[in-house]
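What follows is a single structure, written as structure tokens, with notes after it.
The values are calculated or read from the model by the stated rules, or taken from the named source; none is laboratory data. All values derive from a computational prediction rather than experimental measurement. Every residue, glycine as well, gets a Cβ built from its backbone with ideal geometry; the counts of neighbours run over all protein chains shown. The area values use the complete protein model at the heavy-atom level, side chains included, leaving out ligands, DNA and RNA. Shrake-Rupley method; radii C 1.70, N 1.55, O 1.52, S 1.80 Å.
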Amino acid sequence: SRAIKTNQDLLPETPWIHIFYNDFWGTLLTHSGSHKSYRPLCTLSFRINHAVGGMDPWGYHLVNVLLHAAVTGLFTNFSRILFGDGYWTLIAGLLFASHPIHTEAVAGIVGRADIGACLFFLLSLMCYVKHCSTRGSSPSTWGWILGAGLCAGCSMLWKEQGVTVLAISAVYDVFVFHRLKMHQIISALCKRKNLTLFFSIGLLTSWGTALLGVRLYWMGNKPPSFSNSDNPAADSDSFLTRTLTFFYLPTKNLWLLLCPDTLSFDWSMDAVPLLKAVSDWRNLHTVAFYAGLLLLAYFSLKGSSNERECNGRTVMNGKQNANGHSCQSEIEYKTLEVKSSFSSKEENGIKKHEIKKLQLPSTENIVILSLSLLIVPFIPATNLFFYVGFVIAERVLYVPSMGFCLLVTVGVRALYVKAQKRFLKNLVFCSTAALIIFYGLKTVVRNGDWQNEEMLYRSGIKVNPAKAWGNLGNVLKSQSKISEAESAYRNALYYRSNMADMLYNLGLLLQENSRFSEALHYYKLAIGSRPTLASAYLNTGIILMNQGKTEEARRTFVKCSEIPDENLKDPHAHKSSVTSCLYNLGKLFHEQGRYEDALMVYKEAVQKMPRQFAPQSLYNMMGEAYMRMSRLPEAEHWYMESLRSKSDHIPAHLTYGKLLALTGRKSEAEKYFMKAIQLDPTKGNCYMHYGMFQID
């Protein structure tokens, strides 16, 4: 809702330049309550969607699906560089296309930020791959690295993690294109032939530092602040709890990639219980995860001196393997066709870089790149450098899933190579095909959960019951299923009793069904849980005013009007509630005959009023106050302002008609009375005022 439905940056009357100063939800980036999620290109795409199709969701979903298709195509094309033409590339592409973890990013409109970031991530990486292959032979090579830098910047403007593509590009250059091992990097620094390599790495580092510096400056040099429910571990006072939980969360994310059986629209609150002691059995998962990761990284970086793979063929120091495929070496196999046509690369003008770009990287090279692609884009979500506003977010795994798909593919290829019997090779292929089919079926099923809000929230009850029941209550209420909605709210509060939003929503439901005493009780609980919840003060004051408790109502409205909007998640909604509080306080003074006090409060409301607030009732009441004070020109001005802001506002037609009649403009007055009747022929109040006008 905040990213699209109530985001003022999508509206045509809002200057488009505002997109580059506001966060993803339309809040000023430097505001203390901003989430600092700076994604202007994604917001711009929403604005284009809004301009073309308004709020019709079909167009938004179409763009998401097309972007995912484009990303899948680019990823498959990148896989060809690693696996060559053939079924290994196809397997990698199918794994990515079918993975269920992508459902949230593709089916959920706001997930477009991750898809767009991944699109430019891959474009940047492909540009850098082209730069590597043309470096030292063509002037266009620097155009390619410029394109890589620009696409990296665009990726970051879609979503913050996009900047990590610069690190992935460096890993590709060092470990895939140049095939260096860890122990070779230091010695490579001393060789003149590697100057272009380190110059390219220097450019990537400088550009990445510049992008991060500008990003930090643009958001006001301050990290965002989040509530306890968004990231409970970050709010924990125990260092041990924070450490154990933060180390465990990557393990949980990897399991979601490996076995996406249980998925949820929201993993906040207690969806992943905190690890509070070393004795927690989940720490075994953490140890196994990091041990496996370190071992895989160690053996990949160390490399193998005796065995090489030729894209599915095993080579032992240049000897023939068990399957009868003869290779002198990995390089000889992969450049066999070139060497059969030319007796000497020097004689025939074939340069070293031209032969190198025909070679496919070894398993170790691909594993290093895959691990980097899996880990590095995920680092911003690890709470390592700053706290984030979620525990787990499936959409965040969209980019890292590319590394996972490459790892699975290279693992399957390695198993296929090691298998000596045809039966075992077929078993590897069938198992891989089954995995792709299962992923695809799970994606279809998960898309069914995203068909509508009710199905989505019901599917999340087993993971995050408090959040799911609360959101389900809102859906059931919109369907006029009042008793079911009340039960849903109470279920949410059973799991988490201090949720201010749920306490408020339950109070609102009760108020709308004339159960005012119960509503007041829940509003007070909501205020106790979150003292800055202006909407709870507003409705409390309205109930008290209607019950004749004017002094209590006045104190409630005044207290609400004094709440600042600092560090609030949604300052726009807060300002709207504060404005409504001032409006109702002015009405209270008006009913007591304190017109001067009412006008002072109304003017304060006009000053604090946000852009999205509908001001017609406020302007009309200002006109009424001036009318009672016999200041007719001012009254006429505010009546006209009310009609300008909403031309079909019936109260303004009636009050302005009364003023026109009072000043002797009978014919004009009659037009406004008749217009009010036309707007709502069933409203008896309009006929009453018109009858009084006729009597006069």
*What angle, in degrees between 0 and 90 and rounded to the nearest 10, separates the Cα long axis of helix 195-218 from the longest principal axis of the Cα atoms of the chain?*
10
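State to the nearest 20 debye the size of the charge dipole of the chain about its Cα centre, where the only charges are +1 on K and R beta carbons and -1 on D and E beta carbons.
With only Lys, Arg, Asp and Glu charged at Cβ, the dipole is about 2040 debye.
Divide, for the chain, the radius of gyration over alpha carbons by 2.2 N^0.38 Å, where N is the residue count.
Expressed relative to 2.2 N^0.38 Å, the Cα Rg reads 1.22.
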*asked:* Relative contact order of the range 466-615, please, whole-number percent, based on alpha carbon pairs below 8 angstrom and at least 6 residues apart.
replied: 14
*Nearest-ten-degree value, helix 239-258 long axis tilted from longest Cα axis of the chain*: 70
*Which one of GLY664, TRP638, TYR626 has its Cα pushed farthest toward the positive end of the charge dipole of the range 614-695, where Lys and Arg give +1 and Asp and Glu give -1 at the Cβ?*
GLY664
_Dipole of the chain, positive end: most advanced residue of HIS61, LEU125, GLY541 [Cβ charges, Cα centre]_ = LEU125
*When the range 207-297 is reduced to its Cα atoms, the Kirkwood hydrodynamic radius in Å*: 15.6
*Taking 1 over the mean of 1/r across every pair of different Cα atoms in the range 545-684, what Kirkwood radius in Å do you get?*
16.0
*Quick one: Debye curve from the C-alpha atoms of the range 1-103, no solvent, what's log10 I(q)/I(0) at q = 0.10 Å⁻¹?*
-0.42
_Using the Cα centre of the range 614-695 as the reference point, and only Cβ charges (+1 on K/R, -1 on D/E), how large is the resulting charge dipole? Debye, rounded to the nearest 20._
100
*With every protein chain present, what is the per residue accessible area of the range 614-695 (1.4 Å probe, Å²)?*
51
_Test item: Cα-centred dipole of the range 518-606, Lys/Arg +1 and Asp/Glu -1 on Cβ, debye_ = 120
*Would you mind computing Rg(Cα) / (2.2 N^0.38 Å) for the range 232-274, counting N as its residues?*
1.23
*Roughly speaking, to the nearest percent, how much of the range 614-695's 1.4 Å accessible area is carbon and sulfur?*
56
*Under the classification rounded if a/c is under 1.5, otherwise prolate if a/b is larger than b/c and oblate if not, where does the range 614-695 fall, given a ≥ b ≥ c as square roots of the Cα gyration tensor eigenvalues?*
oblate
*Amide H neighbours of ASN22 under 5 Å, at least 5 residues apart or on other chains, H built in the peptide plane: list them.*
LEU29
*How much solvent-accessible surface does PHE20 expose, in Å² to the nearest 10, with a 1.4 Å probe and all protein chains in place?*
50
*Residue farthest toward the positive end of the dipole of the chain, with Cβ of Lys/Arg at +1 and Asp/Glu at -1: which of LEU373, SER480, LEU397?*
LEU373
*Measure nothing fancy, just the Cα-based angle from helix 550-561's long axis to the longest principal axis of the chain, in degrees from 0 to 90, nearest 10.*
30
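Treat the range 478-611 as a sphere of radius equal to its Kirkwood radius over Cα pairs and apply Stokes-Einstein at 20 °C in a medium of 1.002 mPa s; give the translational diffusion coefficient in µm²/s, rounded to a whole number.
139
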*Could you order LEU249, LEU150 by accessible surface area, starting with the largest, using a probe radius of 1.4 Å?*
LEU150, LEU249
*Report ³J(HN,Hα) in whole Hz for each residue of the range 39-48, in order, from the Karplus equation J = 6.51 cos²θ - 1.76 cosθ + 1.60 where θ = phi - 60°; Gly and Pro get x.*
9, x, 5, 5, 4, 4, 5, 5, 5, 5
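Output the relative contact order of the chain, whole-number percent, from Cα pairs under 8 angstrom with separation of 6+ residues. All intermediate terms of the calculation are to be shown ahead of the outcome.
Details: 941 pairs, mean separation 77.3, N = 696.
Answer for the chain is 11 percent.
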*Return the aspartates and glutamates within reach of LYS559: Cα separation strictly under 18 angstrom, same-chain partners fewer than 8 residues apart disregarded; answer none if there are no such residues.*
GLU551, ASP597, GLU604
*Residue-wise, which Karplus ³J(HN,Hα) couplings in Hz belong to the range 115-124, taking 6.51 cos²θ - 1.76 cosθ + 1.60, θ = phi - 60°, and x for glycine or proline?*
5, x, 4, 5, 4, 6, 4, 5, 4, 4
*Under the rule of -39500 (n - 2.57) per DSSP H run of 4 or more residues, summed and divided by the residues of the chain, what mean residue ellipticity at 222 nm is obtained, to the nearest 500 deg cm²/dmol?*
-20500 deg cm²/dmol
*asked:* For the range 398-455, take N as its residue count and report Rg(C-alpha) divided by 2.2 N^0.38 Å.
replied: 1.52
*Area of ASP270 that stays accessible when all protein chains are in place (1.4 Å probe, Å², to 10)*: 90
_For the range 56-71, Karplus couplings with θ = phi - 60° (6.51, -1.76, 1.60), whole Hz, Gly/Pro x_ = 6, x, 4, x, 5, 5, 4, 4, 4, 5, 5, 5, 5, 5, 5, 4
